[in-house]
Amino acid sequence: MKRIDELKDGVAVIILNEENQVLLQKRADVKLWGVPSGHIEIGETVSEAAIREVKEETNLDIRIKKLIGVYSDPNSQVFYYPKGKVVHFITTCFLAEITGGELKCNSSESLEIKFFEQKNLPQDLLKMHPRWLKDALAKREMAFIR
């Protein structure tokens, strides 16, 4: 296994609008598209972190609808930051619905935020995000553990 500097807990949130389009953000750090995601802060639950991250990154208020899965496989969950830091994430991924707010880039972490047709997603997606999206759209009751 390659060098890993840190293990972190993360959250990711799949948000679909009324047209069943997927909300993605273009991250400022790596210039790639992905679902809203981030780190859990000390004292937060995973659902609180998910709600906070979405608000920080998109200005939207959400309600968690269901747990999509927990992802820990180093083959897909190791993230290489541009400055050289390597982090293995254990990510809890949720499906959520919008309850309020107005969509806008609300953070220096995002270059752009917009909805995409499921069949017309950008090619430059973060490597772990297609799996999360596929699992979210699988219509499975039980959560995935990958």
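Readers should treat all values here as calculations from the given coordinates under stated rules, not as data from a laboratory. Here the structure is a predicted model, which means the values were calculated and not measured. Please note: Cβ atoms are built from the backbone with ideal geometry, for glycine as well, and neighbour counts cover all protein chains shown.
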Using the structure shown, select from K31/K83; K85/K127; K55/K134 the pairs with a Cα to Cα distance greater than 21 angstrom.
K55/K134
Report the equivalent ellipsoid semi-axes for the chain in whole Å, largest first, defined as the square roots of five times the eigenvalues of the gyration tensor built from alpha carbon atoms.
22, 17, 16
Using a cut-off of under 19 Å, list every residue of segment 81-107 whose amide N is near the label point 7 Å from the Cα of K31 along the Cα-to-beta-carbon line.
81-85
Rank I42, I14, I51 by mean-square fluctuation in a GNM of the chain with C-alpha springs under 10 angstrom and give only the top-ranked residue.
I42
Separation between Cα centres of segment 60-98 and segment 99-146, rounded to whole Å:
10 Å
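Note down the net charge around G101, summing +1 for each Lys or Arg and -1 for each Asp or Glu among other residues with Cβ under 10 Å from its Cβ.
Cβ neighbours under 10 Å give a net charge of 0.
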When the helices in the chain are scored as -39500 (n - 2.57) per DSSP H run of 4 or longer and the sum is shared across all residues, what 222 nm value do you end up with, to the nearest 500 deg cm²/dmol?
-4500 deg cm²/dmol
Based on the Cα gyration tensor of segment 64-125, what are the three equivalent ellipsoid semi-axes, each the root of five times an eigenvalue, rounded to whole Å and given largest first?
24, 18, 14
Roughly how many debye, to the nearest 20, is the charge dipole of the chain about its Cα centre, given +1 on each Lys and Arg Cβ, -1 on each Asp and Glu Cβ, and no other charges?
580 debye
Efficiency of FRET from Cβ geometry, T99 and E6, R₀ 30 Å, rounded to 0.05:
0.35
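Under a Cβ-only charge scheme (Lys and Arg +1, Asp and Glu -1), can you give me the dipole magnitude of segment 35-118 about the Cα centre, in debye to the nearest 20?
On the way: 9 positive and 13 negative charges, 26 e Å.
Taking the Cα centre of segment 35-118 as origin, the dipole is about 120 debye.
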Please enumerate, by chain and number, the aspartates and glutamates with C-alpha under 19 Å from the C-alpha of K2, excluding those fewer than 8 residues away in the same chain.
D73
When W33, W132 are ranked with the fewest other C-beta atoms within 10 Å first, the list becomes W33, W132
Starting from the Cα-Cα distance between E44 and K119, subtract it from 0.36 nm times their residue separation and give me the gain in nm to one decimal.
23.6 nm
Along the dipole axis of the chain (charges at Cβ: +1 for Lys and Arg, -1 for Asp and Glu; origin at the Cα centre), the most positive-end residue among V13, L126, L111 is L126
Testing the spin-label approximation: label points 7 Å from Cα along Cα→Cβ at M142 and N75. State their distance in nm.
2.0 nm
